[in-house]
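Shown next, in structure tokens, is the structure this report addresses.
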Amino acid sequence: MLRELGRLDVTKIRAVLFDFGGVFTPSPFDGARDYSAQIGADPERVLELVFGPYHEDTDHPWHRLERGEVTLLDARNAIRELGRAERIDADPFELFASMASVPRGAHGAMLERAHAVVARGYRTALVTNNIAEFRESWRKMLPADELFHVIVDSSEVRMRKPNPAIFHHTLALLGDAIAPEECLFLDDAASNIEAAERLGIRGVLVKPDLADALAALDALL
């Protein structure tokens, strides 16, 4: 990866955009496998039933929830109806209980690097697909106001990744006429990285061990 980065004609980075879950915290989705086993269903199908096709922005109930268009209870009821059509009782609330078993503390290494990015004078933004009902709990997990000049929560701005509109919105909030080519974006979902890269934003895919992502971040900055 670093050898490939070294061959790039790199425009100077002025802003760094971060995802939240899977970047600053471990991804909780591993817990879905335990829940799927309990209800006797394929884990990948359960995830898609509950969260929709995550490489797209659609009218799936979870996507509407992340855009702040429906409540969590309304989304839960709609998702259970989708599951019943396939004879799968996929209850998001029970799935969340299984996902909660996955450690959710913030990654110290990523927090440290984000502090360093701010200290070096880069503009920073958090761009997260999230829901209104979880807002208070996730914000307690990291010093968001210290780390980010801009916080873009999908449920507040009524748009979600991978819709390019959310990246345009983020750059507008960052100000200083920052161009997409002057931005770096860290996310654990390849589809979100690809959407950002189509706009000219440099993407870094974050994997569970963080090592490659941190090395790429250091190299690009």
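The values are calculated or read from the model by the stated rules, or taken from the named source; none is laboratory data. A quick note: this is a predicted structure, and the numbers were derived from the prediction, not measured. Backbone-built Cβ (ideal geometry, glycine too); neighbour counts: all protein chains shown. Only protein heavy atoms, including side chains, enter the accessible area calculation; ligands, DNA and RNA are left aside. Shrake-Rupley method; radii C 1.70, N 1.55, O 1.52, S 1.80 Å.
One equal scatterer on each Cα of the stretch 138-184, no solvent, Debye formula: the resulting log10 I(q)/I(0) at q = 0.22 Å⁻¹ is -0.89. For the pair the stretch 154-189 and the stretch 43-62, the centres of their Cα atoms are 22 angstrom apart. Remark on the stretch 95-175: ratio of C-alpha radius of gyration to 2.2 N^0.38 Å is 1.19.
Cross-link partners for Lys207 among the lysines, with Cα-Cα distance under 22 Å and sequence neighbours closer than 8 places in the same chain left out: Lys161. Estimated at the nearest 10 Å², the accessible area of His149 is 90 Å² with a 1.4 Å probe. Near Ile193: Cβ cut-off under 12 Å, other residues only, Lys/Arg at +1 and Asp/Glu at -1. The net charge is -1. Over every Cα atom in the stretch 122-213, the radius of gyration and the widest Cα-Cα span, Dmax, amount to 12.9, 34 Å. Estimated from the Cβ-Cβ distance and a Förster radius of 45 angstrom, the FRET efficiency linking Asn77 and Asp212 is about 0.65.
How do Asp19, Asp188, Asp212 stack up against each other in accessible area, from largest to smallest, with a 1.4 angstrom probe? Before the final figure, lay out the partial values.
Details: Asp19 10, Asp188 55, Asp212 80 Å².
The ordering from most to least exposed comes out as Asp212, Asp188, Asp19.
With both labels modelled 7 Å from their Cα along Cα-to-Cβ, the Arg120 to Ala190 distance reads 2.8 nm.
Wrap a convex hull around the Cα atoms of the stretch 162-221, take a quarter of its surface area, and give that in square nanometres.
Details: hull surface 16.0 nm².
For the Cα atoms of the stretch 162-221, the hull's average projected area reads 4.0 nm².
Helix content alone sets the calculated 222 nm mean residue ellipticity of the chain: runs of n ≥ 4 DSSP H residues at -39500 (n - 2.57) each, divided across all residues, give -13000 deg cm²/dmol. The value of relative contact order for the stretch 74-194, using C-alpha pairs under 8 Å at least six residues apart, is 18 percent.
For the chain, report the % of Cα-Cα distances exceeding 21 Å. Provide the component values of the computation, followed by the final result.
Working: 13508 of 24310 pairs.
The proportion of pairs with Cα distances above 21 Å equals 56 percent.
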